[in-house]
Amino acid sequence: MSSKKKGFLSYPTYNFVTKDPVLDAARTVIEDSGMSYTEIHEKGGATVGTQRRWFEGDCVTPQFRTLMATVRAAGGDITLTSPKGQQIKVVVSRKK
């Protein structure tokens, strides 16, 4: 069951105080890549302004598709883990 708090939906299974913790994971991928925000944007990631809002600004919850594109542009990936411990890669197909 979710509840609305301060304009956001709150879920008992996924809580955070200030920013979505996925932003910390994305920041780690970007820092480890050694790439600049501009380089990541040029490889298909979020704009420089969006990346700054995520990590230095007032963005609290990023759009998944934008975050995924940015993490992949930096050479990382996002996987989900099932309750049985299976690592599930998020598959994205592109139209050609």
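Just so you know, all these numbers are worked out from the coordinates, no wet-lab data involved. Not measured: the values here are computed from a predicted model. Methodologically, a virtual Cβ is constructed for each residue, glycine included, from the backbone with ideal geometry; neighbour enumeration extends over all protein chains shown.
Annotations
- For S10, the residues whose modelled amide H falls within less than 5 Å of its own, excluding neighbours fewer than 5 places apart on the same chain, are S3, K4, K5.
- ³J(HN,Hα) computed for each position of the range 18-28 - Karplus, 6.51 cos²θ - 1.76 cosθ + 1.60, integer Hz, glycine/proline x: 10, 9, 4, x, 5, 5, 5, 5, 5, 4, 4
- Karplus 3J(HN,Hα) series, Hz, for the range 83-92 with 6.51 cos²θ - 1.76 cosθ + 1.60 (x for Gly, Pro): x, 8, x, 6, 7, 10, 7, 6, 8, 10
- Loop-resident GluC sites (Glu not before Pro) (DSSP state other than H, G, I, E or B) in the range 35-96 with no more than 15 further Cβ atoms inside 10 Å of their Cβ: E56.
- Just checking the listed ones, T13, T50, T66: in the Gaussian network model of the chain with Cα springs under 10 Å, the one fluctuating most is T13.
- Relative contact order, whole percent, for the range 37-96 stands at 28, derived from Cα pairs under 8 Å and 6 or more residues apart.
- Gaussian network model of the chain, springs between alpha carbon atoms under 10 Å - residue of P62, P21, P12 with greatest fluctuation: P12
- Calculated FRET efficiency, Y14 to S36, Cβ-Cβ distance, R0 = 22 Å: about 0.10 to the nearest 0.05.
- Extents of the chain, largest first, come to 40, 35, 28 Å (Cα atoms, principal axes, whole angstrom).
- Karplus-based coupling profile of the range 51-57, in residue order and whole Hz: 4, 5, 5, 5, 9, 10, x, with θ = phi - 60° in 6.51 cos²θ - 1.76 cosθ + 1.60 and x standing for Gly or Pro.
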